[in-house]
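Scroll down for the structure; my scribbles are underneath it.
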Amino acid sequence: MQRGPPRIVSSWGNVARGEHRVYGFSSRFEDFPDISGGCTVLPFGNGRSYGDSCLNVGGALLETRTLDRFIRFDADQGTLSCEAGVQLADILSVVVPAGWFPCVLPGTQYVTVGGAIANDVHGKNHHRAGTFGCHVTRFELLRPDGERMSCSAEETPDWFAATIGGLGLTGVVTWAQMRLRRVAGPWLDVESIRCADLDELLELSIESAKDFEYTVAWVDCLARGRRLGRGILQRANHADGAASAPRPAGGTGFAVPFAPPVSLVNSATLRLFNAAHYHRRRLRTRTVQHFQRFFFPLDGIRHWNRLYGPRGFHQYQCVIPGSGAGEAARSLLGAVAAAGEGSFLAILKCFGDRASPGLLSFPQSGITLALDFPNRGAPLAALFGRLDAIVAQSGGRLYPAKDARMPGDLFRAGYPRHGEFLRFTNPRCSSSFWRRVMADA
Amino acid sequence: MKRALIIGATSAMAEATARGLAQRGAALYLVGRNAQRVAAIASDLTTRGASQVGYEALDVNDFAAHEAMLDRAMRAAGGLDIVLIAHGTLSDQHACEGSVDLTMRELSTNALSVVALCTRIAPRLAMQGCGTLAVISSVAGDRGRRSNYVYGSAKALVSAYLSGLRQQLSPAGVQVLTIKPGFVDTPMTAAFAKGPLWASPQRVAAGILSAIEKRRDVVYLPGFWRPVMWIMRMIPEGIFKRVAL
């Protein structure tokens, strides 16, 4: 059913927004709603995509947030089926006390299962576990023509591969089934190690992949010259049951009540923060952390995206494959540092070589770099142009879930299977992102 | 461990309340019109921690079926600590003005079925000498308004009935809770444009659970509706009849 008159919907980065007709479900047994006016429709979970891949400006959105029921949790086998609007936070609250854990967690728990599938999200254990989609065993795809398909890798490999990472363009996922992994408890053994430059960081990152399930690095992207790429590598494993540490407050903590008139993230605050964050750490620390704090440090501050002010922010996340990845990362960080457009969150991670299941999945073996920038208009666009050139030259690609601006040719070069994917897109599904990157195809 | 019967279990407010009870390990018995949807909610509540979930499909306008349903619910849970009556339909006022049948049906669903259920539930709880009967009425019942007076008058009947029932059951140690939500963002109100006065079903559910715990009599959810509705009731009829609400 339709949920009221057209509404302005914005995504997490607050740079893409626009008017949508919004539809919803009251149960997973309901038919695909009749979208009036013949406009296109896009499934919409919790709106945590940063750019326009979760928007369909001028068209319709089909909200899945009311499809938030668990279907079955088998605490012996470690399998879970639930509706597509269930958020990972809800899954964690149900499965962790029973000694199970999702195989892959992205940087926020406030994403829906449907969104995690549609973007084939990844986490700090990509080098071990691959993407979220690697652990999805089955889902139901409801298409705008009313057809319901039960999809699995064995029975419908083509639709399975098209829908995982398929950005909602094949129809709406109504429920999914996934495998979980055993854990002894909610705690992680976390080591943080300060690295003086990029070489040290990359070397330690690759070395840590052998013995640590989770690895991720924060990079001080204002550092230049011989300090370029200095940062802190975090590596962790699930702790055994005996470990314990204070549980963080979680969602009851701070909230940013409104967007300040200007971004609080700017070069002055960044310089202070980055220097303090880098030097605050001793060379090496070892702590026991609750999984909430380790996986979702930003979830503790509700609406942290508002810190960037009314103009919002961009996240630039790329992956560079192959042996040239280290050099490309150096060029990217050099370009960022030279531009002085410091990024508050600069995250570097070495992806492993487990193949992603989706035709349009983002992760591939190599180095991924994610950078947040307050939206400062033209100077930032110029920097993005320089970064794009480095990514294109090294055969890399950008992550649609984070993107509001990548050129169409960069998308199509980075995702060579987009032609194959086109055969599975539903003519009645579209998104602002899709129209943008395919307009000049 | 609480034992709760929820009638109208597929309504968004009831489902959110049931989740709160499930997380506390309650034993639940769910009643709703659509069997498939009640079954899906039962599975969900089991996963969320309910110690036991029974359910059945029932049309509340089938008054004769109430007694057997109540028997089954009490047997399944071995007694009841909480009965939540949450079913309802948001009447299309304009359509009601053109149809006696529709108006009577709306009054039956939103008022008479509630009275029929309460009539049968009251002696059971009185005999137990404890428990809570919580019923979702509405701020719409505080004063009839042009835009929804069929729905509003049904809720007014429910509120008045519960006020009397509270006097009757109070000596027996039974709590009768009248819940008056304002605008709640549910599938029932899908067609309305949402503003700052709208509350989520989760917020209303938290208020319901807290009111049960504190043994309150009448709650407005969220609480700001209490002064708003007081002012609404104070407006003289001579002025009120000229106001478009």
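A few remarks follow.
- Options A:Ala184, A:Ala176; residue that is of a type in the set (A, V, I, L, M), open to solvent by 30 Å² or more (accessible area, probe 1.4 Å) and outside any helix (DSSP H, G or I): A:Ala184
- Residue within region A:224-235 that is open to solvent by 10 Å² or more (accessible area, probe 1.4 Å), assigned to a strand (DSSP E or B), at pLDDT 95 or above and in the same structural domain as A:Leu272 (by TED's automatic domain parsing) present: yes
- Identity of the residue in region B:1-30, in contact (Cβ under 8 Å) with a residue 60 or more places away in the chain and of a type in the set (S, T, N, Q), that ends up nearest to the other protein chains (Cβ to nearest Cβ): B:Ser11
- Test: residue in region A:76-97 that is modelled with pLDDT of 95 or more, in the same structural domain as A:Glu147 (by TED's automatic domain parsing), in a loop (DSSP other than H, G, I, E, B) and open to solvent by 20 Å² or more (accessible area, probe 1.4 Å): yes
- Filter result for A:Ser323 (open to solvent by 10 Å² or more (accessible area, probe 1.4 Å), outside the structural domain of A:Leu167 (by TED's automatic domain parsing) and not aliphatic (A, V, I, L, M)): yes
- Annotation note: of B:Thr46, B:Thr17, the sole residue that is in a helix (DSSP H, G or I), open to solvent by 30 Å² or more (accessible area, probe 1.4 Å) and at pLDDT 95 or above is B:Thr46.
- Filter pass, B:Ala211 being open to solvent by 60 Å² or more (accessible area, probe 1.4 Å) and closer than 26 Å to B:Thr186 by Cα: no
- The residue that is most open to solvent (accessible area, probe 1.4 Å), counting only those in region B:49-87 that are at pLDDT below 95 and part of a loop (DSSP other than H, G, I, E, B), is B:Gly78.
- Listed by first and then second residue, the pairs linking a residue in region A:269-280 that is closer than 12 Å to A:Leu345 by Cα and touching a residue at least 40 places away in the same chain (Cβ under 8 Å) to a residue that is open to solvent by less than 100 Å² (accessible area, probe 1.4 Å) and of a type in the set (Val, Ile, Thr), with Cβ atoms under 8 Å apart and 6 or more places separating them unless they lie on different chains, are A:His277/A:Ile232.
- Near pairs, Cβ below 6 angstrom, 6+ apart or cross-chain, from region A:137-148 (within 16 Å of A:Pro357 (Cα to Cα)) to any residue that is hydroxyl-bearing (Ser, Thr, Tyr): A:Arg138/A:Ser152
- Index of the failed condition, A:Ala355 passing every other in (1) under 19 Å from the mean Cα position of the chain (by Cα); (2) within 19 Å of A:Gly312 (Cβ to Cβ): (2)
- Members of region A:5-55 that are at the interface with chain B (Cβ under 10 Å from one of its Cβ atoms), modelled with pLDDT under 95 and surrounded by 17 or more Cβ atoms within 10 Å (Cβ to Cβ): A:Val22, A:Tyr23, A:Gly24, A:Phe25, A:Ser26, A:Ser27
The values are calculated or read from the model by the stated rules, or taken from the named source; none is laboratory data. Note that the structure is predicted; figures quoted are calculated from it, not measured. Glycine also receives a Cβ, built like all others from the backbone with ideal geometry; neighbour counts cover every protein chain displayed. Keep in mind that these areas ignore ligands, DNA and RNA; they rest on the heavy atoms of the full protein, side chains included. Shrake-Rupley method; radii C 1.70, N 1.55, O 1.52, S 1.80 Å.
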